[in-house]
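First up is the structure itself, then whatever we jot down about it.
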Amino acid sequence: MKVLVIGSGAREHAIITSLMADDSVSEVVAAPGNAGIAREVDTRPVDVTDPVAVADLAVDVAAELVVIGPEVPLVAGVADAVRDRGIACFGPSAEAAQLEGSKAFAKQVMAEAGVPTAMAHVCTGIDEVESALDQFGPPYVVKDDGLAAGKGVVVTSDRAEAVAHARAILSKGYGVQTVIEEYLDGEEVSLFAITDGTTVLPLQPAQDFKRAGEGDTGPNTGGMGAYSPLPWAPPTLTADVTERVLQPMVDVMRHRGTPFAGLLYAGLAMTSRGVRVIEFNARFGDPETQVVLANLRSPLGRVLMAAATGHLADVPPLVWQSGYSVTVVIAAEGYPTSPRTGDVISGLERAAEEVNVDIFHAGTTITDEGAIASSGGRVLSITAHGETLARAREHAYAAVDLIRLEGSHHRRDIAARAATEG
C-alpha cells in the first residue's frame, strides 16, 4: 500500500522509518517532511492545518492510507476530510481529538468513564483561579485548556508565577479557559494505545523528560528525551492501565457517538495512591514515539491500516525486540523560548555510523548550498538501542557527541537514574 504521512518532526521521521520496514508498504510520501525525511522518501508541500489541502494531496498521490502525526491538523478536522474522500486515515475525528484539544472536555469524559485523574477546576476568570489555587495549595498546576505544543503547563510552588501563567492564558480572548489541578506526585509514564474505536492495542510504556535542564530543572519543553521500556515499572502496568483507563475511555467515546479511532496517548502519574491520568493526547507523542517504535518488530503499516479500517481485532499480538531504546533530543540555542535557526549541522554522517543508532530529524532544512541546517527548536532526536538501558545510553550519547550545532543544548541525564536503579 501507499502511505501518506502528514507532519514534519522527528515523530513523523520515526513513523516513516518503521513504515518503510513493513513489506506491505510499497511507498511512503511525506508532507511537508524535513531535510532528513527528504533524503529517504518523496516529500510534498502542504498546509497541514488545511483539511481540504491535505485531502486533495492524498487524492493526488493516490494514497491508500494517511497517517496524521501532529495534533493541530487532527483538531482542525483533517482526518474527517481525508475519510470523506474515501481514503483510510489513521487519526481521530475533530470531535474525538478534543480529548487533547480541550483539557476540560477530557475531564468530562474521564468522569463518565470512571478514570482516576487529578481533581481539577475549570476557570474562566482570575478570581476563580485564585480560589482554586488556594484550595489545592502548592505545588500549583496551571494548564492551558487548549493546544499548547506540550508547553502549556506550569508546575510551580510560586503562587505569583501560577497566577501569572493563568492570567496569560485567559488573556488570549473571550471564552478561553484554564484548568487548575491538584499536583500528582510520583514518576510519570507515557502509554500509547492504537485503537479502531472498539479494540484497544497498547504499546510499550515510555518515559519522557519535559524540562529543559538536567535534574528536571528549567522550563517545560516539548520533550528533551525518552526511553522505553521501563525496567522499574510493575509488570502488570500496561494491562492494568488498558483495563482501567484506555478501554473505558474508548468505550465512553463510542457510546457518546464520537468514536475515537487512532492513537490514544495516556500521560500517567504513578502516585502514592495509585495510577492517575495527567492528560490524554490524540496522537503519537514526541519524543516517546522514537523509542517505542524502535523496539517494535510487528509491521506498523498493517497495524495502522487495521485500526483505520476497523479490523484491529484481527491483528496478532505485537512483537517487540528485547532490550531498550533511548532518545536524546538536540535543541537549538534559545529553545524553548526563542530558538535560533539557520545554523549548519555537521557530524551527522559519522554519528549515523554508530552502532544501533538512528538519527531522526525534526527542525531541519536544506540550505541553498546543500547543507543541513536548523529550522526549529528541537532539531534532532538521536535514538539508540541496547540490550541494557545503560548500553542504549552509551550508544546514544556516543552519537550525540559527534554532532556539532552551534549553541545547541541537550540533557546528559536521559534515562540515567533508571539505568542505574533498574
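Selection of first residues in the range 299-314 that are on the phi > 0 side of the Ramachandran plot and of second residues that are acidic (Asp, Glu) and outside any helix (DSSP H, G or I), restricted to Cβ pairs under 6 Å at least 6 apart or on distinct chains, gives the following pairs, ordered by first then second residue: Gly310/Asp196. Cβ-Cβ distances below 6 Å connect the following pairs, each with a first residue in the range 87-105 that is outside any loop (DSSP other than H, G, I, E, B), a second residue that is acidic (Asp, Glu), and a separation of six or more residues or different chains: Glu100/Glu71; Lys103/Asp145; Ala104/Asp145. Entry remark, the range 244-298: residues being among the β-branched types (Val, Ile, Thr) and free of Cβ contacts under 8 Å to residues at least 60 places away in the same chain number 1 in total.
Looking only at residues in the range 1-20 that are within 16 Å of the chain's Cα centre (by Cα) and charged (D, E, K, R), the one that is surrounded by the most Cβ atoms within 10 Å (Cβ to Cβ) is Glu12.
When the range 340-365 is filtered for residues that are of a type in the set (Lys, Arg) and more than 26 Å from the chain's Cα centre (by Cα), only Arg350 remains. Residues considered: Leu201, Leu147, Leu170, Leu191. Of these, the only one that is without any contact (Cβ under 8 Å) to a residue 60 or more places away in the chain and either outside the structural domain of Pro248 (by TED's automatic domain parsing) or closer than 28 Å to Gly257 by Cα (or both) is Leu170. Every condition in (1) over 25 Å from Ser381 (Cα atoms); (2) in contact with a Pro (Cβ under 7 Å, 6 or more places away or on another chain); (3) not polar (S, T, N, Q) is met by Arg256 except one, and the failing one is (2). For the structure I just gave you, tell me whether Leu184 is within 21 Å of the chain's Cα centre (by Cα) and in a loop (DSSP other than H, G, I, E, B). The answer is yes for Leu184. Here Val379 fulfils each of the conditions (1) aliphatic (A, V, I, L, M); (2) closer than 18 Å to Ala38 by Cβ; (3) more than 23 Å from the chain's Cα centre (by Cα); (4) crowded, with 20+ Cβ neighbours inside 10 Å apart from (3).
Restricting to the range 86-127, and then to whatever is among the β-branched types (Val, Ile, Thr) and within 25 Å of Ala269 (Cα to Cα), can you tell me which residue is farthest from the chain's Cα centre (by Cα)? By that ranking, first place goes to Val122.
Yes or no: the range 171-183 includes at least one residue that is surrounded by fewer than 18 Cβ atoms within 10 Å (Cβ to Cβ), within 25 Å of Tyr265 (Cβ to Cβ) and in contact with a Pro (Cβ under 6 Å, 6 or more places away or on another chain). Scanning the range 171-183 turns up at least one residue that is surrounded by fewer than 18 Cβ atoms within 10 Å (Cβ to Cβ), within 25 Å of Tyr265 (Cβ to Cβ) and in contact with a Pro (Cβ under 6 Å, 6 or more places away or on another chain).
Scanning the range 112-135 for residues that are closer than 22 Å to Ser272 by Cβ and surrounded by fewer than 18 Cβ atoms within 10 Å (Cβ to Cβ) returns Gly114, Pro116, Met119, Gln135.
The values are calculated or read from the model by the stated rules, or taken from the named source; none is laboratory data. What you see is a predicted model; the values in this text were computed from it and never measured. Heads up, the Cβs are rebuilt from the backbone with ideal geometry, glycines too, and the neighbour counts pull from every protein chain shown.
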